Amino acid sequence: MQGLTPPFRDLTADILSGIVDGVMVADEAGNVLIWNRAIEEMTGIAAADALGKQARAVLGENPAVVSQIEKTLATGRSYSDYEAELAARHREPLPVGLVSSILADEKGRPQGVILSVRDQRGVRDLKDRMRRADRLAAIGQIAAGIAHEIKNPLVGIRGAAQLLKSELRDAAGGSLIEYLDVILKEADRLNSVLEGILDFTRVSPRERGGFNVHSILDRALLLNEETARQNNVVLTREYDPSLPDVIGNQDQLMQVFLNIIKNAVEVMPSGGRLTVVTRMSDLFTSVQADGRKHRLMVVKVSDTGPGIRQEHLQDIFAPFFTTKDKGVGLGLALSYQIVQEHLGTIRVESREGEGTTFSVYLPLAA
Ligand SMILES: Nc1ncnc2c1ncn2[C@@H]1O[C@H](COP(=O)(O)OP(=O)(O)O)[C@@H](O)[C@H]1O
Ligand SMILES: [Mg+2]
């Protein structure tokens, strides 16, 4: 630190207000000496309301933080807690990492305590996503194994039923043929479930390129048009024509929009409005293979259906979660996996009785 000359104090203030971590310093008696800008934002408490007051009182809404500070003051040791939550007025608790350490003078005598608070939102998101991806991969492998095992005997059952049916028709089997039709129909249904599972597990990075997202949205809408008309669903498109190309695999992303649009149409059997909006987003991807961060665009698919129950919001992306009689529960699980492989994300907002919006964020080529 030899190069530092006065005005050293001013520099300290600039550093403290510039860093992203929240910093609080209190003296040995627990009076707050420093309360930087980041901690103001995290707690919603202004420096003017904190400086000179007792840390215990200022951080009253956060007893765990107070006790960590007091522990440091009492023992002279550092403590860290990387899974803490910071309560703040008018906001949801913030996931944070906390480190408290002793502030010592040049002779090593304790002068007070330093608390640093790191915003862990990004890290938590990432951990959640990794956990979900792991679970999907494991479930996928098991499901693929089971699907293969079931598929082979099913082919045999279906073939035998088909043969029996033609023999009986020749021998005028009458009502027995109806039973066989049931067997055939159910075998076909089972087969389509298995196909769905195998599709799900076949997801792997395929050919990628740049393409216009509106062309695949139009195709996905077209394929749902018939059902939409039967359900009296009115369709609105609000495309931003100036959007650059998206990068990814067209077939896979087509699958994503088909699933989401199909779900939206299905939850409005007696009419409603389906709105598809595209626009630029403020978000970026993490660094991609080309060493750059890519800007994301967003496709929002909104319906005026019944919405998703609060307690189901956690589960809708899990494989096999369905609330439909004939549902398989793989559409959203598959879509989630595809979008994640594209380094995008899917977000859902839903209000019971009002409707649901799925937002799919995808990286732009430019
Ligand atoms: N637009 C929507 N509105 C209400 N609920 C929805 C919507 N989209 C999906 N869901 C819920 O998520 C579940 C899972 O969807 P999905 O994975 O496509 O499987 P499936 O359509 O076979 O049920 C659905 O059963 C439904 O409960
Ligand atoms: Mg579905």
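The values are calculated or read from the model by the stated rules, or taken from the named source; none is laboratory data. Computed from a predicted structure; not experimentally measured. When we count neighbours, we look across all protein chains shown, and the Cβ atoms used for this are built from the backbone with ideal geometry, even at glycine.
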(Q) For segment 41-65, which positions are closer than 14 Å to V23 by Cα and out of contact with any His (no Cβ under 7 Å at 6 or more places or on another chain)? (A) E41, M42, T43, I45, A46, A47, A50, L51, A55, V58, L59, V65
Q) Limited to segment 355-366, what total is found for residues that are more than 12 Å from ligand 1 (Cβ to nearest atom), surrounded by 22 or more Cβ atoms within 10 Å (Cβ to Cβ) and under 12 Å from the mean Cα position of the chain (by Cα)? A) 1
(Q) I need the helices (runs of 4 or more DSSP H) fully contained in segment 18-75, keeping only those with at least 2 residues that are crowded, with 17+ Cβ neighbours inside 10 Å. (A) 37-43, 55-58, 63-75
Q | Among (1) surrounded by 14 or more Cβ atoms within 10 Å (Cβ to Cβ); (2) at pLDDT below 85 - the single one A220 does not satisfy | A | (2)
(Q) Step by step: first the residues of segment 140-189, then only those that are in a helix (DSSP H, G or I) and of a type in the set (S, T, Y), then the one that is farthest from F320 (Cα to Cα). Which residue is that? (A) S166
Q | Residue in segment 288-319 that is farthest from ligand 2 (Cβ to nearest atom), counting only those that are among the β-branched types (V, I, T) and touching a strand residue (DSSP E or B) at 6+ places or on another chain (Cβ under 6 Å) | A | V298
Q | Qualifying positions in segment 320-336 - farther than 19 Å from V298 by Cβ and either of a type in the set (F, W, Y) or away from ligand 2 (no atom under 12 Å from the Cβ) (or both) | A | F320, F321, D325
Q.
Based on this model, can you work out whether R89 counts as touching an Asp or Glu at 6+ places or on another chain (Cβ under 9 Å), surrounded by fewer than 12 Cβ atoms within 10 Å (Cβ to Cβ) and in contact (Cβ under 8 Å) with a residue 12 or more places away in the chain?
A. yes
Q) Quick one: how many residues across segment 281-299 are surrounded by fewer than 17 Cβ atoms within 10 Å (Cβ to Cβ) and at pLDDT 95 or above? A) 0
Q. So which residues in segment 323-354 are crowded, with 16+ Cβ neighbours inside 10 Å and within 8 Å of ligand 1 (Cβ to nearest atom)?
A. V328, G329, L330, G331, L332, A333, L334, S335, S350
